[in-house]
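The structure follows.
Every read-out reported here was derived from the displayed coordinates using simple, explicitly stated rules and does not represent laboratory data. Just so it is clear, the structure is predicted and the values come from calculations on it, not from any experiment. Positions of Cβ are generated from backbone atoms using ideal geometry, with glycine treated the same way; all protein chains shown enter the neighbour counts.
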Amino acid sequence: MNSTHKALRAWLGAAVATVALATQAFAAPVTNVTVTPSAGAVALSSQFHAQVAVSTDTIIGGADFFFSFDSTLLTLVGWTIDPDNALATNPGPLCGPAPGCDLSPTYAGGNTAEITITAGDTAAALSSQPGSFTLVDLLFTASNLGTSALNFADINNSANGYYGTFSPADGTPTAWNSNSISNGSVCVYDPVNDPNQTKCGGGGGSTQVPEPGTMALVAIALGGLTLRRKQPRA
């Protein structure tokens, strides 16, 4: 009788351990997404960048998600997948009205881009992946006046029998969605007839989004200051 109880306890212990390991193996990582600008203002006909950044407690091997905007106000003219090279990226197609893009923004009447990213390196090589990095940098032209949301959305992909936006670097058939999403927006104003951005909150609720050329000049200036600091004193 005692031997039977001992065998039963041993079996129950092994079962509990197995369940605990399985639960631990499939526990969804913590992954938070931020879209910038959070509340920006851009002049009509100017260009600006929107970025999707991620912070996570695990190594990401790929992502498949939606990015939506108002295509009557904004025109998507370019993009850079994995600008931080955190994924050593082998990018999938990006929906957008650009030459060579084999997916058109057909979702939501042309307002949504589907972005697919897969790592271009092995899980071991991705071990130094930073905890926070930019998934994609999108270049827009402000084509009409008004305010457009800039929204990230998780996607369900059942092609391989699993669902989720993010996939692990080790190739296992598990995936997960975001824990939190902080979306953004941009207001397009008329620099001639509304230079104070009154229709964008008068500058009080929106941040002026720098144009790409301005950002490049700032980077050059900062680089010059760094070089000056490194020069030895005479």
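So what J values fall out for segment 32-44 if you push phi through Karplus, 6.51 cos²θ - 1.76 cosθ + 1.60 with θ = phi - 60°, rounded to Hz, Gly and Pro as x?
Working through the residues one at a time gives 10, 10, 10, 10, 10, x, 6, 7, x, 10, 9, 6, 4 Hz.
Oh, and also: Add +1 for every Lys or Arg and -1 for every Asp or Glu among the other residues with Cβ under 12 Å from the Cβ of ASP64, and state the total.
Numbers: positive: none; negative: GLU114, ASP154.
Taking every Cβ under 12 Å from that of ASP64, the sum is -2.
When the chain is fully extended, how far beyond the present Cα-Cα distance does THR198 get from THR72, taking 0.36 nm per residue of separation?
Values: separation 126, 0.36 × 126 = 45.36 nm, distance 2.08 nm.
Here the answer is 43.3 nm.
What nm distance separates the two modelled labels at SER132 and THR80, each placed 7 Å from Cα along Cα→Cβ?
1.9 nm
Just rank THR141, THR198, fewest to most, by other beta-carbon atoms within 10 angstrom.
Numbers: THR141 16, THR198 13.
Taking fewest neighbouring Cβ atoms as first place, the list is THR198, THR141.
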